[in-house]
Each structure stands twice: as C-alpha cells, then as structure tokens.
Amino acid sequence: GAVVSQHPSWVICKSGTSVKIECRSLDFQATTMFWYRQFPKQSLMLMATSNEGSKATYEQGVEKDKFLINHASLTLSTLTVTSAHPEDSSFYICSASTNYGYTFGSGTRLTVV
Amino acid sequence: RKEVEQDPGPFNVPEGATVAFNCTYSNSASQSFFWYRQDCRKEPKLLMSVYSSGNEDGRFTAQLNRASQYISLLIRDSKLSDSATYLCVVNRYQAGTALIFGKGTTLSVSS
C-alpha cells in the first residue's frame with residue numbers, strides 16, 4: 001500500500017510557459033506532501049511542504065510565486081512551475097509520510113528550452 | 001552548515017570489497033535516520049532505517065551516534081548491483097516531518 005502516482009514523468013516546455021506536476025495518493029490520504037527538486041549531481045532539495053486545505057510552507061530561497069503549490073484534497077497535490085526558464089530544468093519529486101513510512105512519486109524530469 | 005553532510009565520493013571498489021560511508025547531521029532535533037539508495041535520478045528507495053543500537057540487514061550495517069550526530073553505513077562483500085548513489089537522510093524534526101537529504105555518495109563496484 002501507500003502509493004503516490006506522479007505525472008507527467010517527463011515534460012519539455014518552451015521558456016515562459018507554465019507546467020503543472022500532479023501527485024496523487026492512490027490508497028491513502030496524504031495530509032502532507034513534500035516537494036523536492038534535484039539538479040544534476042546534486043541531492044534532493046526540499047522546496048516546500050504542502051498541507052491539505054492550507055497554504056504551503058516554502059523553504060528559504062524558493063519563490064512561492066514561481067512554484068505554486070495546491071493541495072486542495074487529501075489525494076491530490078500539484079506543483080506548477082510558472083513562467084519556466086531553462087534554469088528551472090530539473091527533476092521534481094513529491095513525497096508523503098504514511099503509516100508505512102515515506103513514499104515517493106516516480107519523479108518528473110522537466111526540460112525548459 | 002548544511003543540514004546533512006556526506007563523504008563526497010565517488011567510491012570505486014572491486015567486487016567483494018567492504019566499503020564504508022559516513023554522514024553527519026546538524027539538527028539535534030532530528031528523530032529518525034535513514035539510508036536511501038538512488039539509481040540514475042530515479043526516485044530514492046529506502047535501504048534501511050538507522051537506530052542508536054545499530055542495525056544490520058544482510059551485507060549492510062548501519063550505525064548511529066546521536067551524541068556526535070554521526071551516521072554510518074557499511075557494505076560488505078560488494079556486488080555489482082550495489083553500484084548506486086547512497087543518500088544519508090534525516091527527519092527535520094519528529095517522525096512525519098520532511099526528510100532532509102545529504103548530497104549522496106556514489107558507489108561504483110567493478111568486476
């Protein structure tokens with residue numbers, strides 16, 4: 001149990017456009033979802049913590065107006081990269097804490113051209 | 001100071017070798033500790049949790065020293081399939097709070 005489905009797996013977009021990444025908890029209710037990004041040869045860096053029905057908490061240095069997080073239900077959290085630029089190209093991954101430990105989405109590889 | 005710091009690596013070892021990874025964390029409020037494995041920028045997979053008493057899972061042994069805020073992982077009899085990046089991970093605070101990842105140490109096992 002405790003599966004998080006993340007979509008899309010990869011996306012290529014033009015500079016200036018927005019991209020939405022979805023994470024759905026399939027068999028549990030995710031009160032909290034953590035969002036990370038990973039640049040090449042770097043580790044996973046926590047971007048923000050989203051809580052169902054309230055505003056997300058962003059890590060220092062992460063622009064909340066650029067990385068919009070919505071957690072409107074217990075089974076869906078979304079991250080929207082607004083006005084994407086090439087420097088936003090990265091691997092984005094979500095994670096939730098469950099009764100079985102932490103579970104991760106499969107990640108989204110974003111390339112902005 | 002980074003929240004979690006690891007040996008930079010890479011570690012290149014022959015099959016059968018024993019290799020040790022070290023990690024330190026800065027937040028004394030951290031309550032849970034883990035080693036994760038990550039392959040080719042896929043999602044990280046839990047290798048093992050780490051307890052103060054030390055714990056072993058087959059060829060893998062993990063140790064935790066809360067006084068010095070130090071975590072270690074020992075891999076014995078390395079296999080080709082152990083080649084991956086090993087991430088030292090701690091909770092920011094109590095269980096259920098965000099996981100904070102170290103930069104990772106890359107292990108390459110060769111025949």
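The values are calculated or read from the model by the stated rules, or taken from the named source; none is laboratory data. What you are looking at is a predicted structure, and each value in this text was computed from that prediction instead of being measured. As a convention, Cβ positions derive from the backbone with ideal geometry for all residues, glycine included, and neighbour counts pool all protein chains shown. Quick note on the areas: whole protein, heavy atoms, side chains included, nothing else; ligands and nucleic acids left out. Shrake-Rupley method; radii C 1.70, N 1.55, O 1.52, S 1.80 Å.
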Chain A, dipole about Cα centre (Lys/Arg Cβ +1, Asp/Glu Cβ -1), debye to the nearest 20: 180
For the stretch A:62-113, average projected area of the Cα convex hull in nm²: 4.4
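Need one number: buried accessible surface between chains A and B, 1.4 Å probe, both sides summed, DNA, RNA and ligands left out, in Å² to 100.
In total, this chain pair buries about 1500 Å².
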Mean accessible surface per residue for chain A, computed with a 1.4 Å probe while every protein chain stays in place, in Å²: 50
Percent of alpha-carbon pairs separated by more than 11 Å within the stretch A:24-64: 68
Complex-versus-alone comparison for the stretch B:77-97, residues with a loss of 40 Å² or more in accessible area, probe 1.4 Å: B:R92, B:G96
Pairwise label distance in nanometres, B:S49 with B:S81, each label 7 Å out on the Cα-Cβ vector: 2.5
Rg/Rh ratio calculated on Cα atoms of chain A (Kirkwood radius): 0.95
Solvent-accessible area per residue, Å², over the stretch B:1-65 with all protein chains present [probe radius 1.4 Å]: 54
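By how many nm would the segment from B:A67 to B:K2 grow when fully extended, if each residue of separation counts as 0.36 nm and the alpha-carbon distance is taken off?
The B:A67-B:K2 span can extend by a further 21.6 nm.
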Rg/Rh for chain B, where both radii come from Cα atoms and Rh is the Kirkwood radius: 0.96
Zone residues, the stretch A:66-91, relative to A:S15, backbone N less than 14 Å from point 7 Å out along Cα-to-Cβ: A:83-89
Along principal axes, Cα extents of the protein assembly as shown, largest first, whole Å: 49, 36, 36
Chain B - percent of accessible surface contributed by carbon and sulfur, probe 1.4 Å: 49
Residues in the stretch A:86-113 occluded by at least 10 Å² - accessible area, probe radius 1.4 Å, against chain by itself: A:F91, A:I93, A:S97, A:Y102, A:F104, A:S106, A:R109
